[in-house]
Amino acid sequence: MKPKATFYHAGCSVCVSVEQALGQALDPARYDVEIVDFNTAPDRIAEAEAAGVQSVPAYVIDGQPFHINFGASMAAVKGVG
């Protein structure tokens, strides 16, 4: 079974540029890659937070969060604060 790699983002300009540059960078033959845009999947925010995502854009690869740059905090994504 391939490790899961989920790329979470919120559609901001930083997130979109990272998606274009890195969002498809992982080899789908080696990883089960999924891209989650919170604009179209707001129900996935809690999942991202539970996985340790503190800001987006971020990858969670095989259960380990990797934050890329600092586009938006999860509070901003949720519209809090």
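Each reported figure results from applying straightforward, stated rules to the coordinates on display, with no laboratory input. On a predicted model such as this, the values are computed, not experimentally measured, just so you know. FYI the Cβ positions are ideal-geometry reconstructions off the backbone, even for glycines, and counts take in every protein chain you see.
Odds and ends about this structure:
- Under the criterion of Cα pairs below 8 Å and six or more residues apart, the relative contact order for the chain equals 35 percent.
- Geometric extent, Cα atoms of the chain - Rg, Dmax (angstrom): 11.8, 40
- Relative contact order computed over the stretch 1-40 (Cα-Cα under 8 Å; 6+ residues apart), in percent: 63
- Label-to-label distance, nm, for residues given as Asn69 and Tyr31 (7 Å Cα→Cβ offset): 1.7
- Neighbour cut-off at most 14 other Cβ (10 Å), DSSP loop, trypsin sites (Lys or Arg not before Pro), the stretch 1-71: Arg30
- Helical mean residue ellipticity (222 nm; -39500 (n - 2.57) per DSSP H run of 4+; nearest 500) of the chain: -4500 deg cm²/dmol
- Placing +1 on each Lys and Arg Cβ and -1 on each Asp and Glu Cβ, with no other charges, gives the chain a dipole about its Cα centre of roughly 80 debye.
- In this structure, Ser17 and Asp43 have a Cβ-Cβ separation that, at R0 = 35 Å, corresponds to a calculated FRET efficiency of about 0.90.
- Point-to-point label distance, Lys2-Ala51, nm (Cα→Cβ direction, 7 Å offset): 1.5
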